[in-house]
1. For region A:247-269, enumerate the residues that are surrounded by fewer than 17 Cβ atoms within 10 Å (Cβ to Cβ) and of a type in the set (Ser, Thr, Tyr).
2. Among the polar types (S, T, N, Q), within 24 Å of B:Leu149 (Cβ to Cβ) and either crowded, with 18+ Cβ neighbours inside 10 Å or at pLDDT 90 or above (or both): does that describe A:Ser125?
3. Could you tell me which of the residues A:Leu69, A:Leu55, A:Leu36 is assigned to a helix (DSSP H, G or I) and loosely packed, with under 11 Cβ neighbours inside 10 Å?
4. Looking at A:Thr20, is it within 29 Å of the chain's Cα centre (by Cα) and surrounded by 12 or more Cβ atoms within 10 Å (Cβ to Cβ)?
5. Surrounded by fewer than 21 Cβ atoms within 10 Å (Cβ to Cβ), more than 11 Å from chain A (Cβ to nearest Cβ), in contact (Cβ under 8 Å) with a residue 24 or more places away in the chain and not basic (Lys, Arg), is that true of B:Gly165?
6. Test of understanding: among B:Gly189, B:Gly202, B:Gly180, which residue is more than 8 Å from chain A (Cβ to nearest Cβ) and either charged (D, E, K, R) or touching a residue at least 40 places away in the same chain (Cβ under 8 Å) (or both)?
7. If a residue must be within 8 Å of chain B (Cβ to nearest Cβ) and modelled with pLDDT of 90 or more, how many such residues does region A:222-236 contain?
8. Scan B:Phe39, B:Phe86, B:Phe72, B:Phe68 and give me the residue that is modelled with pLDDT of 85 or more and touching a Pro at 6+ places or on another chain (Cβ under 6 Å).
Amino acid sequence: MSGGLVLYDLPGPRARRRQTMLAIVAGIAVLGVIALVLYRLNQQGQFAAQLWDPLVNPSDKDFSAVWSLIGNGLANTMKAAALAITFSLSVGTVIGVARLMLGKWSRMPVVGFIELFRGLPVVISIFFASRVLPDMGVNLSNWPGGEGLWFVVIGLTAYNSVILAEILRSGVNALPKGQREAASAIGLSGMQTMGLILLPQAVRIMLPALISQLVVILKDTSLAAVLGVYPELLNSAKYIYLNLNNPIQSLIVVGTIFVVINWTLSQLAGWVEQRLSRSTRSPGEETDDEAHYIIDTAEMRQ
Amino acid sequence: MDAVTENFDLFLSGYWTSLKICLIALIGSLVIGTIIAAFRVSPVAPLRWAGTTYVTMVRNAPLTVLLFFFAFGLPEIGIRGSYWLFGISALIIYTSAFVCEALRAGINSVSSGQAEAARAIGLPFVATLREVILPQAFRTSVPPLGSVLIAMFKNSAVLGAFGVGGDLFSVSETLTSARGYAATPVLVGVAVGYLLITLPAGAFLAFLERKTAILR
């Protein structure tokens, strides 16, 4: 069922009049709330030029410094997210394949590993990496990008690799049984079946879920600002408003950057999903619905 | 492991605070999430737009940005409160967007024939929803709702890292920074604390998922 239209009848003249009335009332209510917020902001002087100018007015003296900070933070966020998704993908593939291919007993440690890191809050994984690794004598400070970056990447990878492993597994399990049987019939070994037949198809079904996971990773990089371990985008905002005393304005700008990037990625995921389900649809095939299910749960996960 | 046994009462009170945060956030986000979901399927266009905008903005912004906005932005416009209040409010707002999407996905999964049949026997919008669609939608919503709530429990750790005092995560900061315990045993203790909730909850959810699974 898509769209709300099925839930109610096509309105007749009376219902249409009533709905128009309701729409007007609701519209006024929504506008009223917005106006109230704007009024409140204005009353408290939050539209003052000195608060906004460093962010929006190129001729302001702080403008270039502010935006180079934001640019830096954004670059660092992207760097951490890109590294985290790369590592998560490779580690996740190994874990996922291990879980799929090992026997009932020998895959126990893998299942334990997955459950362990899936149940742990990401903020703890990152905190863990930043406190426990140095205690254990692991020195990351001369790694490229500095240790803060690697604390974030390690923490994010610990969580997201097991999530991607599970997405991969449901992707493989969603494939029709005939794929595996046909691969065995032409004499492929278990590893060959996985690598040549199952994984490529699973990755295809999973592509939207993978993109959605990227949104989760991007959002989670900002946990570094709370822990104070890595100068990413939100940290830049913090630095800006601590100096210019404009938290609302800086956070709106940085929040908007996050929303725009993540919204674009979500749209991309939706678009890829639509394309895939159009091209793979054939009568009686179940994989499409399964793929939808995977994506639904992936989006909820955060 | 002395760090854990010696400070067991601190761990317990941290645990209790975390659970309290989650209980409040659970109720708040279910209420707000349901209202927003109702907005998003309603026949009134402005409400649909408002709901969609809300979900798009909240879901794509990190929880941390919301937390910062509540804790440091709101006082600027004269809304005063404790970190505790701001922290829970941010968690509620953040979670409600996902609750809304879980419910809406449930509503969308009910086949359109059900709604058409309900309308054919003359049920109006509210009765169609209440008698026919929602009971079925709820079953489908259970697994994603469960995942959202487990995620919420894990997200409550962010509040602790942020400085909302007394919860399970902040126990680790208190013990390692203020009292000088070694980080590893304390953090293992905190991690086990979270796993004690998330693992059984996840297992129960999987069980529930099998129980409520229906063929369509």
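The values are calculated or read from the model by the stated rules, or taken from the named source; none is laboratory data. Since the structure is predicted, the reported quantities are computational estimates derived from the model, not experimental observations. Counting neighbours? That spans all protein chains shown, and the Cβs are built from the backbone with ideal geometry, glycine included.
1. Listed by number, the residues that qualify are A:Thr256, A:Thr264.
2. Yes; evaluated as a whole, the condition is true for this residue.
3. None of the other options fit; the residue is A:Leu36.
4. The answer is no for A:Thr20.
5. Yes; evaluated as a whole, the condition is true for this residue.
6. Unique residue meeting the criteria: B:Gly189.
7. Selection size over region A:222-236: 3.
8. Answer to the selection: B:Phe72.
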